[in-house]
1. What list of ³J(HN,Hα) couplings, whole Hz, do you get for region 184-201 from phi and the Karplus terms 6.51, -1.76, 1.60, once you set θ to phi - 60° and write x for glycine and proline?
2. Normalise the Debye intensity by I(0) for region 144-233, one equal point scatterer per Cα, no solvent, then take log10 at q = 0.18, 0.22 Å⁻¹ and round to two decimals.
3. Quick one: of K38/K113; K130/K167; K69/K182; K74/K280; K38/K275; K60/K182, which pairs are farther than 22 Å apart, Cα to Cα?
4. Which whole-Hz ³J(HN,Hα) couplings does region 60-70 yield from phi under the Karplus relation 6.51 cos²θ - 1.76 cosθ + 1.60, θ = phi - 60°, glycine and proline marked x?
5. For the chain, what does the helix formula give at 222 nm: sum of -39500 (n - 2.57) over DSSP H segments with n ≥ 4, over the residue count, nearest 500 deg cm²/dmol?
6. Of Y139, Y242, how do they rank once you tally other Cβ atoms within 10 Å and put the fewest first?
7. Explain nothing, just compute: Karplus ³J(HN,Hα) = 6.51 cos²θ - 1.76 cosθ + 1.60, θ = phi - 60°, for every residue of region 260-265 in order, whole Hz, x for Gly and Pro.
8. Using alpha carbon centroids, what distance separates region 42-100 and region 223-241, in Å?
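FYI, it's all coordinate maths here, none of it is from the lab. Since we're looking at a predicted model, the values are computed, not measured. A quick note on method: Cβ atoms are made from the backbone with ideal geometry, for glycine too, and the neighbour counts reach across all protein chains shown.
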Amino acid sequence: MRMTRMTAIAAAAVLTLGVAACGGEDGEDTGSTGSGSKTFEAGTTMERLNKAQKIIVGTKFDQPGFGLKGLDGKPAGFDVEIGKIIAEELGIPEDKIEYIETPSATREEKIEKGEADIVVATYTINDKRKERIDFAGPYYVAGQNILVKTEDNSITGPDSFKAGDKKVCSVQGSTPAAEIEKHLANKAEQLVVFDVYTKCIDALNTGQVQAVTTDNVILLGFIARNEGKFKLVGENFTEEPYGIGLKKGDTAFRTFINDTLEKAYSDGRYEAAWKETAGKFDENVPTGPAVNRY
């Protein structure tokens, strides 16, 4: 009996040590918690999202290749895939991602109000926006270009608008709309803005405008969906670094997303995401740009 009791005590001690060791590995001793196989520091956005097993991702619903809502009611594109990669690193299943539409003019507002946890929506990083929200990334660098009807040879680049006789369409609150203003003779007469780019394409089709301007990869998507109808003119005339918007001051979450992007660059998920989406319009797989850990 004495030996049996001593054996039991020894076994209990070993078990206790084993549990303590596992607790240290899971981060319990440092206040880390989580669901499933992921653990995060207590009080962080990562922990909150992981525990909730849900993330709200703001994206575009009208941009082929990056964020386009299909007949099944689900958005698809490169931005959507980047959102999935972030959700995966948070331990959140794909079917627990909620997508909301975030047109250019409402992106900061959606983040500030907490209606979106992140916004991945061809979202150019710039200083004005960084006054209201933070950015992780960039994860892609696009360039502004101009789309016209295939038969139109009168527009060769942004300087073609300086004569004042041609109208161009872009989206309200976007950097392309602000950039093209520099090349217009009369902003009030020449610049037409809508909330989404599909309305610009409709205006071009009906002759209300002579051109549409935004980032090259977005325009390539519209060219692919309207075979033979449109073309790009000239070279890209800006650089547009796309970032992931999140609440201002959430440094830990921004660091986590930047780490996730770098991981995706090296493990093949970034390349696979491109090939499945925007890569159908542009076969040149981009090199993941260096993230800006400001």
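1. Once rounded to whole Hz, the list reads 9, 6, 8, 4, 4, 8, 9, 9, 10, 10, 10, 7, 9, 6, 4, 5, 5, 5.
2. -0.68, -1.06
3. Over 22 Å Cα-Cα: K38/K113; K130/K167; K69/K182; K38/K275; K60/K182.
4. 8, 10, 10, 10, x, x, 10, x, 10, 7, x
5. Roughly -10500 deg cm²/dmol at 222 nm, from the helical runs in the chain.
6. Y242, Y139
7. 5, 4, 4, 5, 5, 4
8. 27
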